[in-house]
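Take a look at the structure below.
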Amino acid sequence: MVVRRAMIDDLTAYVRLAQAFHTASPMRETASFDVEGYSAFYVDALENPLMALWVAELDGAVVGITGALFYSLYFSPSTKIVQELWWWLNPDARGSGLGKQMFLAIEDWAVAQKASAVFMIALENTDSETMSAVYERFGYRPIERTFMKGVR
């Protein structure tokens, strides 16, 4: 059981799990999953020093993925933030301890980047209350809700 930085060799597994995340996300109602586009994004993200991608492995299989972005907070550019962009752990791997390791990987990277805070996202779906409880258990507090409306 390990969480490690993603590599180019993880592309196929990463895309497969990103697609599973997308399927569980309300975003699926607005945008279809673009395998080719996401694959190109993944390759670019691996080379982007402002991004970090991780995989979670259980018994040698990739069962989880997460990614984060490092940026300056818009109303306080000297304040640096790490924001989780996606976080997915296959249902059969939940409760294994990998979820906690994924949180710690993001937080450790945030510390290394000298970020002031980490922002985590909870999708608004059937798991949102569960994820809120998980985040709070790790010391996070809610600060905002995001709303979306399709315009075409």
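The values are calculated or read from the model by the stated rules, or taken from the named source; none is laboratory data. The structure displayed is predicted, hence computed values, not measured ones. When we count neighbours, we look across all protein chains shown, and the Cβ atoms used for this are built from the backbone with ideal geometry, even at glycine. Keep in mind that these areas ignore ligands, DNA and RNA; they rest on the heavy atoms of the full protein, side chains included. Shrake-Rupley method; radii C 1.70, N 1.55, O 1.52, S 1.80 Å.
Annotations for the structure displayed:
- The residues of segment 98-127 that are in contact with a strand residue (DSSP E or B) (Cβ under 7 Å, 6 or more places away or on another chain) and among the basic types (Lys, Arg) amount to a single one, LYS114.
- Subset of segment 99-126 (residues that are surrounded by 13 or more Cβ atoms within 10 Å (Cβ to Cβ), of a type in the set (A, V, I, L, M) and at pLDDT 95 or above): MET102, ALA105, ILE106, ALA110, ALA115, ALA117, VAL118
- One residue stands out among those in segment 17-43 that are open to solvent by less than 30 Å² (accessible area, probe 1.4 Å) and among the hydroxyl-bearing types (Ser, Thr, Tyr): the one that is nearest to GLY150 (Cα to Cα), which is SER25.
- Residues that are of a type outside the set (A, V, I, L, M, F, W, C), crowded, with 17+ Cβ neighbours inside 10 Å, within 27 Å of ALA117 (Cα to Cα) and more than 13 Å from the chain's Cα centre (by Cα) do occur in segment 51-70.
- Of all the residues in segment 127-138, those that are free of Cβ contacts under 8 Å to residues at least 12 places away in the same chain and open to solvent by 30 Å² or more (accessible area, probe 1.4 Å) number 7.
- Note on segment 1-16: residues that are in a helix (DSSP H, G or I) and either open to solvent by 80 Å² or more (accessible area, probe 1.4 Å) or at positive phi (or both) total 4.
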